Every structure is written in C-alpha cells, then in structure tokens.
Protein chains: 2
Amino acid sequence: MTARSTNTGEGSGAQDPHRDIPEATVARLPVYLRALTSLAERNIASCSSEELATAAGVNSAKLRKDLSYLGSYGTRGVGYDVDYLSYQIAREIGVTHDWPVIIVGIGNLGQALANFSGFSSRGFRTVALLDAAEPMQGRTVAGLEVRPFADLAEIVAAEQVSIGVISVPATAAQDVADAMVAAGISSILNFAPAVLNVPPGVDVRKVDLSIELQILAYHESRKAAEADGTVDNGSEEGIRA
Amino acid sequence: MTARSTNTGEGSGAQDPHRDIPEATVARLPVYLRALTSLAERNIASCSSEELATAAGVNSAKLRKDLSYLGSYGTRGVGYDVDYLSYQIAREIGVTHDWPVIIVGIGNLGQALANFSGFSSRGFRTVALLDAAEPMQGRTVAGLEVRPFADLAEIVAAEQVSIGVISVPATAAQDVADAMVAAGISSILNFAPAVLNVPPGVDVRKVDLSIELQILAYHESRKAAEADGTVDNGSEEGIRA
DNA sequence: CGGAGTTTGTGACCGCGAGAACAAACTCGC
DNA sequence: GCGAGTTTGTTCTCGCGGTCACAAACTCCG
C-alpha cells in the first residue's frame with residue numbers, strides 16, 4: 001500500500017547492525033510501544049517476551065524476532081527493561097520528538113481527530129486545522145482556529161510539516177492530496193474513501209471505515225452460512241482470536 | 001483450484017459457493033466494489049480489468065486473480081459488466097442486504113461515526129447508539145437517541161445485531177467488548193487503542209489512528225535520514241541504569 | 001565455581017501472496 | 001466462416017512473513 005519507491009540503493013555497505021526493518025514489523029512496533037507504556041504506568045520495570053507479547057496480542061516468537069531487527073536490547077535469562085526498550089522502539093520509529101501534523105477537512109471526523117488525545121500523547125502535535133468551507137473558517141476546534149485551505153502551503157512551510165491528514169469527502173480527496181504534495185508533505189493519512197494517486201516518495205496510508213465493516217460482514221456471512229446448514233468441518237475452525 | 005464444487009450439499013439458490021477466499025483478497029473486494037460503484041455512477045456499463053485495476057489502485061493481474069476466486073464473471077476479449085460484477089462482489093461480501101450495527105461510545109469519534117454516511121450507503125444501518133455517561137443519554141445524535149450502555153443486550157437481541165463498533169476510551173474497551181460478546185455480537189470494529197481479548201469465533205478488526213501515524217513517522221524518519229546522508233544510528237548512549 | 005533453570009536471539013522451514021507470462025475464449029472485420 | 005486482435009483466467013515462480021525449535025547467554029543457588 002505504501003507508494004514508496006524501493007530504490008534507495010544507497011551504498012548500504014554501512015555496517016549498521018540493523019537497517020531495512022520488514023514492513024510487517026514496522027506496523028507492530030507501535031503496538032509494542034503502547035504495551036510498554038502501559039506497563040511503565042503500572043510501575044513494571046522489566047518484562048519477558050512472553051508477557052509483552054501477551055500484552056500486545058501477538059506470539060512471543062514473533063515479538064522477539066521483531067525486536068531483534070532493532071538490535072539486542074534484551075537480556076537472556078532476564079527479559080527486557082521496559083524504559084530502555086521503550087526508548088529504543090520510540091527512537092527507531094522516530095517519535096522521540098513530536099511531529100507536526102495538519103488536518104484538512106474539519107467535518108465531523110476532522111473535529112474528532114483534532115480532539116483525539118492519542119495524537120498529542122504519542123509523538124504528534126496538531127499544528128493546524130484547514131477547511132475549504134467558509135462557515136468553518138475562524139471557528140475554534142480543539143483550541144485551534146480553523147484556517148482556509150488556501151493557507152496550506154504557507155503553513156506547511158512555516159511549521160515544517162511533513163505529515164498531513166485528509167478527512168474531506170471522497171470527491172475532494174485527490175485535490176487535497178495534490179495540494180499537500182505540492183506544498184511539500186510526504187506522508188498522508190487518508191480517511192476519505194478514495195484511492196489517492198501520489199508521486200513516488202510519498203507515503204499514503206488509508207483508513208477506510210466502510211471497508212473494515214465490509215470485511216467483518218464477509219466473515220459474518222460465512223459464520224451465518226456455516227451455522228445454518230452447510231457444516232463443512234464441524235471442528236472449531238476458529239477464525240483467529 | 002477446482003472450480004467444480006465438490007457439491008458440499010446445498011445447491012439451493014446460491015450460485016456457486018466457492019469456499020476459502022484468501023484474506024488478502026477479501027480485504028480488496030470492498031475496494032473493487034467502491035470502484036465499480038463509481039463507474040456505475042458515471043454510466044459506464046462495462047470495463048476491462050486494466051481500467052478497474054487503475055480505479056482501485058492495484059495491479060490488473062492481481063485484480064483478475066482476486067475476481068477469479070469468486071468465479072468467472074468476466075468475458076474474455078470484452079471485460080466485465082459493471083452492474084453484474086458489482087452484484088456478485090456484494091453478494092460474496094454479504095452486503096446485498098443491510099447489516100444492523102450498534103455504536104458504543106458516543107464521544108467525538110462516536111458522533112462522527114454515527115454521522116458517517118458511508119456506513120448507511122454501503123450495506124450497514126446504525127440501529128443504536130450507546131453510552132455509559134449520563135449526560136449523553138437521551139441526547140439525539142444523527143437522528144438516533146443515545147441510550148444507556150445497560151440496554152446493550154436487549155437491543156442486540158431485538159435487532160439481531162451481530163456487528164458492534166467500539167469508540168470508547170482504551171480503559172473501557174475490554175469491558176465493552178466482553179459485554180458485546182456476552183450479548184451475542186460476533187464481529188467487532190475497535191477504534192480504542194487497546195488490545196481486545198475475545199473468544200474464538202469472534203472477529204475483531206482494529207483501527208488505530210496513532211499507530212497509522214507512527215508508521216508514517218517511521219518512513220518519514222528514514223526519508224529524512226536519507227536526505228541528510230546521516231545514518232544516525234548508534235552512539236545513542238544507552239540510558240540503561 | 002559449576003550446574004540447573006530461564007529467557008533471548010536466530011536459523012530452518014513452510015505457506016501465503018504478488019507478479020509475470022501464457023493459454024483459452026470472445027469479438028470484429030472481411 | 002475465418003483469421004486477427006483483445007482480454008480474461010490460470011499457472012508458475014519467487015520472496016516475504018509466521019512459526020517452531022534450539023543454541024547462546026545470563027542468573028541463581030548450593
């Protein structure tokens with residue numbers, strides 16, 4: 001899904017102990033980080049891979065392998081130091097400092113995102129809210145004034161923003177994405193139900209609510225069909241827990 | 001692959017119940033369905049795999065392979081009939097009829113979800129909004145009255161709800177999930193940043209906003225490091241005690 | 001100091017999924 | 001009717017990712 005060009009030949013001769021972390025691992029690191037934060041809040045200083053894996057909802061072998069891509073930050077026979085590992089993961093992800101983020105489209109969803117505390121508490125800082133609709137402009141949402149969409153480039157340049165969130169209707173999403181890219185944004189989180197076309201080097205991640213529901217509906221249909229009559233296997237056939 | 005069904009009994013009505021569609025394909029079917037809907041709205045009656053793949057943002061070979069799991073609904077040398085294929089995909093997903101959905105947690109995000117038109121237009125119908133907080137109860141959001149959380153089981157039973165959406169704070173998510181499962185819900189869409197523990201047979205999909213942002217941040221860090229030329233890995237001086 | 005117990009880190013294996021290439025099947029023009 | 005052109009459906013291959021199992025390394029205790 002990432003539109004990232006995989007070139008980056010880059011000498012790579014560097015004897016870094018760890019470059020090129022698998023994408024699947026990258027997607028799990030934030031989960032580990034959150035689990036570690038939760039442990040730290042309960043004043044737990046160290047934990048085993050088994051404990052952390054349980055807290056993160058994954059297999060312990062997978063967790064150890066994931067962490068091994070970052071380096072050897074555990075101690076055999078003991079486990080992992082919570083604070084130390086937290087820092088290492090945060091450093092690897094790049095959230096040891098806050099990233100400025102702008103949100104375009106301050107409708108229902110945009111307002112919810114602006115008010116979402118999880119952003120500010122996990123390495124991100126919302127620096128501006130933008131909307132093209134006149135009635136929204138000037139209003140204050142989550143302590144920030146809603147500014148005109150036309151100010152996009154100016155804000156991005158002034159605040160060194162590289163991450164943008166799109167929460168506009170699907171029909172406007174591509175235009176917003178184009179403007180973001182033109183302004184210098186290179187990572188986009190897209191909530192609009194539309195396929196975005198972006199140049200190489202720009203990352204796009206999409207969050208599509210109705211797609212998630214439809215995937216659930218598919219499995220739900222199968223469950224219903226199975227419960228009805230067509231009992232193929234009878235055994236648990238548990239679909240993941 | 002044996003398209004010939006080995007019968008499995010049940011030949012009534014249903015066209016061709018192929019089993020075992022790969023999970024990756026299931027996740028893309030809704031995207032295809034949306035692209036087809038978009039084409040239909042532009043009065044396009046048929047399309048090639050290449051056109052549809054472009055509209056969906058995927059490779060045409062992958063698209064053809066995905067569709068082949070459903071059956072042979074295209075015509076060689078011609079392409080796919082938009083309406084016919086739309087119906088077949090919708091049938092396979094199970095969204096030819098609407099699914100009742102309940103939303104628990106009517107905060108900022110919950111309200112945005114309740115107002116989200118994409119739900120109602122794509123095979124889902126929000127039948128109830130629930131919140132444990134007194135001040136919310138009785139208020140009307142998106143045309144629905146917010147009801148007490150305690151009514152969960154009653155509503156689920158009355159409306160035959162099998163899909164639930166969780167948009168409560170992380171600390172309450174597990175309790176809500178437990179109550180949903182106890183009430184008979186077997187598919188959960190979780191927006192709370194927490195790992196849910198559910199029994200086998202219950203599907204959970206999670207949407208985690210800060211995780212998505214952190215994944216973007218990771219790639220963004222790499223881009224920045226690459227542009228700098230500085231690898232900046234080691235020598236970070238462990239903080240270890 | 002050494003052995004037992006514990007836990008990490010990693011090598012091996014296997015299955016799913018992505019992509020390319022090609023055969024099958026349909027339409028169109030003559 | 002038949003060949004040329006087009007597009008689907010499928011086969012093959014390859015690499016990523018998940019899981020298992022085990023050696024390495026650390027602690028604890030006698």
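The values are calculated or read from the model by the stated rules, or taken from the named source; none is laboratory data. Not measured: the values here are computed from a predicted model. FYI the Cβ positions are ideal-geometry reconstructions off the backbone, even for glycines, and counts take in every protein chain you see.
Some values worked out for this structure:
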{"quantity": "Of residues in the stretch A:167-194 being part of a loop (DSSP other than H, G, I, E, B) and under 18 Å from B:PHE119 (Cα atoms), the one nearest to the other protein chains (Cβ to nearest Cβ)", "calculated": "A:PRO193"}
{"quantity": "Qualifying residues in the stretch A:30-59 (those that are part of a helix (DSSP H, G or I) and away from DNA strand C (no atom under 14 Å from the Cβ)) - the one nearest to the chain's Cα centre (by Cα)", "calculated": "A:PRO30"}
{"quantity": "Answer from A:ASP83, A:ASP66, A:ASP98 - the residue that is under 30 Å from A:VAL146 (Cα atoms) and either not assigned by TED's automatic domain parsing to the domain that holds A:ILE163 or not β-branched (Val, Ile, Thr) (or both)", "calculated": "A:ASP98"}
{"quantity": "Any chance A:VAL127 is hydrophobic (A, V, I, L, M, F, W, C) and within 13 Å of DNA strand D (Cβ to nearest atom)", "calculated": "no"}
{"quantity": "Which numbered condition B:GLU220 fails, given (1) modelled with pLDDT under 95; (2) outside any loop (DSSP other than H, G, I, E, B)", "calculated": "(1)"}
{"quantity": "Residue in the stretch B:64-102 that is farthest from DNA strand D (Cβ to nearest atom), counting only those that are part of a helix (DSSP H, G or I) and either β-branched (Val, Ile, Thr) or farther than 21 Å from A:ALA217 by Cβ (or both)", "calculated": "B:ILE93"}
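Conditions tested, residue by residue: (1) surrounded by fewer than 20 Cβ atoms within 10 Å (Cβ to Cβ); (2) at the interface with chain A (Cβ under 10 Å from one of its Cβ atoms); (3) free of Cβ contacts under 8 Å to residues at least 24 places away in the same chain; (4) over 24 Å from A:VAL168 (Cα atoms).
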| residue | (1), (2), (3), (4) |
| --- | --- |
| B:ALA90 | no, yes, no, yes |
| B:GLY110 | no, yes, no, no |
| B:SER120 | yes, yes, yes, no |
| B:VAL127 | yes, no, no, yes |
| B:ALA132 | yes, no, no, yes |
| B:GLY143 | yes, no, yes, no |
| B:ASP151 | yes, no, yes, yes |
| B:VAL165 | no, yes, no, no |
